[in-house]
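Nothing in this text is a laboratory measurement; each read-out follows from the coordinates by a stated rule. Keep in mind that what you see is a predicted model, and the values were worked out from it rather than measured. Counting neighbours? That spans all protein chains shown, and the Cβs are built from the backbone with ideal geometry, glycine included.
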């Protein structure tokens, strides 16, 4: 498409890459996973450098300022990106309506952040936060402007492009931070990292999308997007409220140090979740939307996806559930003893609820964010209430309470998912039984090996435990989920990512 805006009602091309939904889904999962791993690895290197050049206070100021950014971005996007991804048809009028709203809202919200920065600085009891919040307010405008072209790329399942853009933007941001830190920029090195990464990502998204807005703005399209997007916004807002409420309960009941221990435990589990299954929601949302017109294709896709999710993504979380007392000192140093049992319990809870990300993608892909919104309100409300009740017994009690809520939420989805699939809960029950078997043999092996190697060097013990769990897990998958090996082979065979590796210079192409 040229640089000029098309007509207000012109259709927008669905895909530039071609290929079946299956092949693009396979490539999408692999590309997004590669992106997350690349960014995480580069991020660890950057943090290792910055922690030697900046003070803990510098990191604290930016962390405090950054807590308000997601809220303002959600208001600027209003869930329109999620609507564009799953909509049956998109046209120039719809996309332009979404773009102009996001642009105007981003500018207005940026101004609001600048105005209320002193109030937020007072709330954080840190005057240094005020100029940082004002500088980072520009981030809201930049990301809002890139919302529509990024959604278009996701809709086209151009995940290879998105992955490359994410890595490039992250590396530029990290290089900016390191250069500014060496130049004595202090806290502004971290601010520069966020803004540089956002600018590069936005520019690359606009170039790749090959779309330009028209001056059209439709009230009817806006109303339809708000109806859908408001529910998406509600889910994210409820999650933020839950996080704030839990933090307030912990700090008021157990003290600020306890929140630090909980944060480290959560961070370890979240890294495993992000690296293992971070591709599920963005990719499956589009994939399920593509096949939703066929009930049988949808059921088959969900069944196979759930089996693969449980079989492949449970291992890293089980590994953390077993080795957290060894991993935490290696990764974060000594002094985090209270985080050990919390990380183990949270990792086990994440293992048993790993299918939630898949269900999230299913509900959004089928255009039912409202049902997921109701589910999120109930689960998050019960989670906060449970935390409030058990907090007096300590962090481990809070983690156990979350485990109980997580299991109850899984059973609740056994009722909701069949509504979406127009079937029974047998798919979830069958695959969950397989997961429990894997948890028993893989986790049990890990516990036994960890006990047998506890006298060894922690790093050596972690390697032995991890190797043992991996072997047993693969055998368990062979016993309880035999089709997964053939499906993974087909999955990789359909992936353009793997095809590109095969066609790299010096490698003979397949006939």
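Could you quote the convex hull projected area for region 145-195, Cα atoms only and averaged over all directions, in nm²?
So the mean shadow area of the Cα hull is 3.7 nm².
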Where in region 425-468 does the label zone of residue 479 land, with the point 7 angstrom along Cα→C-beta and an amide N cut-off under 12 Å? 437-445
To the nearest 0.05, the calculated FRET efficiency linking residue 116 and residue 392 through their beta-carbon distance, R0 being 45 Å, is 0.80
In what order do 364, 101, 415 fall by count of nearby beta-carbon atoms within 10 Å, going from fewest to most? 415, 101, 364
Would you calculate the separation in nanometres between label points at residue 89 and residue 183, each defined as 7 Å from the Cα along the Cα-to-beta-carbon direction? 5.1 nm
Quick calc: nm separation of the 7 Å Cα→Cβ label points for residue 241 and residue 168 -> 4.0 nm
In what order do 393, 188 fall by count of nearby beta-carbon atoms within 10 Å, going from fewest to most? 393, 188
Would you give the gap between the C-alpha center of region 189-249 and the C-alpha center of region 311-332, rounded to a whole Å? 32 Å
Across bins of 10 angstrom width beginning at 0, how are the C-alpha pair distances of region 326-375 distributed, in whole percent? 21, 31, 22, 20, 6
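How much FRET efficiency would the formula 1/(1 + (r/R0)^6) give for residue 210 and residue 108, where r is the Cβ-Cβ distance and R0 is 35 Å, rounded to 0.05?
With a Förster radius of 35 Å, E is 0.80.
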What FRET efficiency, computed as 1/(1 + (r/R0)^6) with R0 = 56 Å and r the Cβ-Cβ distance, is obtained for residue 422 and residue 457, rounded to the nearest 0.05? 0.55
Of 88, 231, 210, 299, how do they rank once you tally other Cβ atoms within 10 Å and put the fewest first? 88, 210, 299, 231
The distance between the Cα centres of region 354-373 and region 138-184, in whole Å, is 26 Å
Cα centroid separation - region 383-420 against region 53-113, whole Å: 30 Å
